[in-house]
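The values are calculated or read from the model by the stated rules, or taken from the named source; none is laboratory data. Predicted model, so just to flag it, every value in this text is computed and none were measured. Heads up, the Cβs are rebuilt from the backbone with ideal geometry, glycines too, and the neighbour counts pull from every protein chain shown. For accessibility, only protein heavy atoms count, side chains too; no ligands or nucleic acids. Shrake-Rupley method; radii C 1.70, N 1.55, O 1.52, S 1.80 Å.
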Amino acid sequence: MRFPSPVAIQWFSEFLGAELIGNKNGQATGINEIHKVEEGDLVFVDHPKYYDTCLHSAATFIIINKAVEVPPGKALLVVDQPFEAYLKIVGHFRPFEPATKMISDTATIGEGTYLYPNVFVGHHVTIGKNCSIHPGVTILDHCVIGDNVIIQAGTVIGSDAFYYNTKKDRPMWYRKMASCGRVVIEDNVEIGAGCTVDRGVSHDTRIGAGTKMDNMIHIGHDTVTGKNCLFAAQVGIAGAVEIGNGVILWGQVGVSKTLAIGDNAVVFAQSGVPASLEGGKTYFGTPAEDALTKKKELVWIKRIPELWKKVMG
């Protein structure tokens, strides 16, 4: 999430009641989670296992629960509960705004765009020109829809990220991490019926220009797809995935979190993708492997009973 304008790190120190160590004259430009941090960002960490990852990430400012050595040019905000500090910042810069009507007065809708009955458009949404938004579609706060976009009935754009702060030393293990990111749908995208596209935790979930999505597809938080992708029905993509241009995922493909799929890769139906895939190749199976190799394996598996008879004979 970008702040409306850069904010002095001294202000955050006072706002959070934090001890400020390191660069005390810095200006924070946004808050982000570790998979998406950029220079100028705030990030939080509350477990020693992830200290080094955060300290040596692109983030300039780290909310942390222990004073440690500060990398040059960076600053620490030391608090007892970094997660609570994150929630306080999000609540301040992205406060809850109740909906009072189906289409918010703060929404911007382009010329030639048609919204069918029972479409909900939240606060600060931007919809481009010549779009067709079908009945029962929900577009939640701060989302951005490009030009010539089609969204079929019942789809939800901008639902909260499935992302939790986990601590097993408390009665409720999973605490919701407030989602302050957006969904950005680029030009000439078509999204089928009954799809769900989660907003980023603190960055953007993005669907690239020209991408076409079938019905009943889920796109997880902070996932970025390239241009001209094709996703068939019931594809499920987890959070923070990077998908290149021209990627085809056939029906019921499942993609795990924080991996990458290269340009022009093709994954056949019902395959599972647990690790990154090189572009320009065709994949099949669980775990997804080169399709030709996997098909040869299946042929040999079918021959096992015959071979077993020969061995035992």
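Quick rundown of the values:
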read-out: Residue check, N215 touching a residue at least 60 places away in the same chain (Cβ under 8 Å) and in a strand (DSSP E or B); value: no
read-out: Any chance V37 is more than 20 Å from T258 (Cα to Cα) and β-branched (V, I, T); value: no
read-out: Unmet requirement for L77, which otherwise passes all of (1) crowded, with 21+ Cβ neighbours inside 10 Å; (2) outside any strand (DSSP E or B); value: (2)
read-out: Filtered residues of the range 277-293 (kept if open to solvent by 30 Å² or more (accessible area, probe 1.4 Å), assigned to a strand (DSSP E or B) and among the hydroxyl-bearing types (S, T, Y)); value: T282
read-out: Among (1) open to solvent by 70 Å² or more (accessible area, probe 1.4 Å); (2) within 19 Å of V201 (Cα to Cα); (3) of a type outside the set (A, V, I, L, M, F, W, C); (4) in a loop (DSSP other than H, G, I, E, B) - the single one H142 does not satisfy; value: (1)
read-out: Whichever residue in the range 201-214 is of a type in the set (G, A, S) and modelled with pLDDT of 95 or more and, among such residues, is nearest to E33 (Cα to Cα); value: G208
read-out: Every residue from the range 242-276 that is open to solvent by less than 20 Å² (accessible area, probe 1.4 Å) and in a strand (DSSP E or B); value: I243, L249, V255, I261, V267, G272, V273
read-out: Some residue of the range 218-231 being β-branched (V, I, T), open to solvent by 20 Å² or more (accessible area, probe 1.4 Å) and within 29 Å of R94 (Cβ to Cβ); value: yes
read-out: Those residues of the range 30-52 which are crowded, with 23+ Cβ neighbours inside 10 Å and assigned to a helix (DSSP H, G or I), in sequence order; value: none
